[in-house]
Amino acid sequence: MPDQELEYCRDLVTIKDWIQKQPHLPNDVEELLIRRFLASCGYSLELTKRTIDFFFTLRSTAPEIFCKRDPWAPEIRRVFEITDLIPLPRKTKENYKVFLYRLNTTEIDLFNFVDAVKTFFMLADTRLTEEEDIPAGEVPIFDATNVSLKFIPKINLSVLRKYMLYTQEAIPIRLKQIHVINAPAYISKIHAICKPFLKTEVAKLIKFHEPNTDTLYKDVPLELLPDEYGGKAGTVEQIKRYWVKRIEAKRDWFLSHDQRWSVDEARRPADGHRDERARGLPGSFRSLALD
């Protein structure tokens, strides 16, 4: 066994043993998830430990988006219907996973921000625990075609903050680019709401693309996109149906992990560090692997 692979195996065992010795953390964390944490933290054991702790701590403080997650519930079904949250089948030449997120209706009254974030993380959990291949990076594409100024009152600032903190600080991914396509002139007003919650490094990754432009293709090849966008990935509906079925098939897991993927603060060791950002208190951000 090569030295690098041997070291990786030792690191994996080290983190598994560490989790088992943390009485406040869940003790049935999937090995695939641990592998993702190690990769996203640059194989730093201390950073991996802190991030795993924060991952479960933050989830425990956000029951409105991490509990009562039934794929068959009417509010989740509605999100499936009016939004397209789809990981695309093929990756970039850099081995980056690409996603497309969009509101597929102009009827903004049907949109519930909290339900949409909850469903977004249900998709993320499905990937984190089932996709064996760990990409070198993640590239979300947000299509703003149907986003109007009426979207702004829909935003729940408390949930937005938790969403931003979780996606930038806790979830085991390596964020590489963020694209907003078909961006209307007023997108700056929506961006201004998110800006206070954005890390400087993450803000630099965001690129806005106006309607009827091809600037996106400099980073994401056209053929990787769905048919509706001129690509060769299949239709949005085909890709979405595949992922909805995968989420539905995971229903028992979602219903049982409301409590299992949480932190028992009463059992946290006296010398254990609790990241106070989970309570909304100020604190220094960890350094994300963005390069």
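Readers should treat all values here as calculations from the given coordinates under stated rules, not as data from a laboratory. Bear in mind that the values here come from a model prediction, so they are computed numbers and not experimental data. Every residue, glycine among them, receives a Cβ derived from its backbone with ideal geometry; neighbour counts consider all protein chains shown.
Work out the FRET efficiency for Cys9 and Glu201 from their Cβ-Cβ distance, taking R0 = 30 Å, and round it to the nearest 0.05. Display every interim value, and only then the final one.
Numbers: r = 31 Å, r/R0 = 1.03.
Between Cys9 and Glu201 the formula returns 0.45.
Relative to the present Cα-Cα distance, how much length would full extension add between Ser256 and Ser148 at 0.36 nm per residue of separation?
35.2 nm
Gap in Å between the Cα centre of the stretch 170-222 and the Cα centre of the stretch 78-111?
The stretch 78-111 and the stretch 170-222 have Cα centres separated by 14 Å.
Top mean-square fluctuation among Ile152, Ile82, Ile141, Gaussian network model of the chain, C-alpha springs under 10 Å?
Ile152
What distance in nm separates the simple spin-label points at Lys189 and Met164, each placed 7 Å from Cα in the Cβ direction?
1.8 nm
Report, to the nearest 10°, how far helix 31-40 tilts away from the longest principal axis of the Cα atoms in the chain, using its own Cα long axis and a range of 0 to 90°.
For 31-40 against the chain, the angle is about 70 degrees.
Let a ≥ b ≥ c be the square roots of the eigenvalues of the Cα gyration tensor of the stretch 1-128; is it rounded (a/c under 1.5), or, if not, prolate (a/b larger than b/c) or oblate? All intermediate terms of the calculation are to be shown ahead of the outcome.
Values: a/c = 3.18, a/b = 1.66, b/c = 1.92.
Cα axes put the stretch 1-128 in the oblate bin.
How would you classify the chain from its alpha-carbon gyration tensor, with a ≥ b ≥ c the square roots of the eigenvalues: rounded for a/c under 1.5, else prolate if a/b is greater than b/c, otherwise oblate? All intermediate terms of the calculation are to be shown ahead of the outcome.
Numbers: a/c = 1.58, a/b = 1.39, b/c = 1.14.
In terms of gyration-tensor shape, prolate.
Using the basic label-point model (7 angstrom from Cα toward the beta carbon), what is the Val114 to Thr129 distance in nanometres?
2.3 nm
List the residues whose amide H sits under 5 Å from the amide H of Thr83, counting only those 5 or more places along or on another chain, with H placed 1.01 Å from N in the peptide plane.
Long-range HN contacts for Thr83: Asn104.
With labels modelled as points extended 7 Å from the Cα through the Cβ direction, what inter-label distance (nm, one decimal) is found for Asp227 paired with Glu46?
Inter-label distance under the simple model: 5.3 nm.
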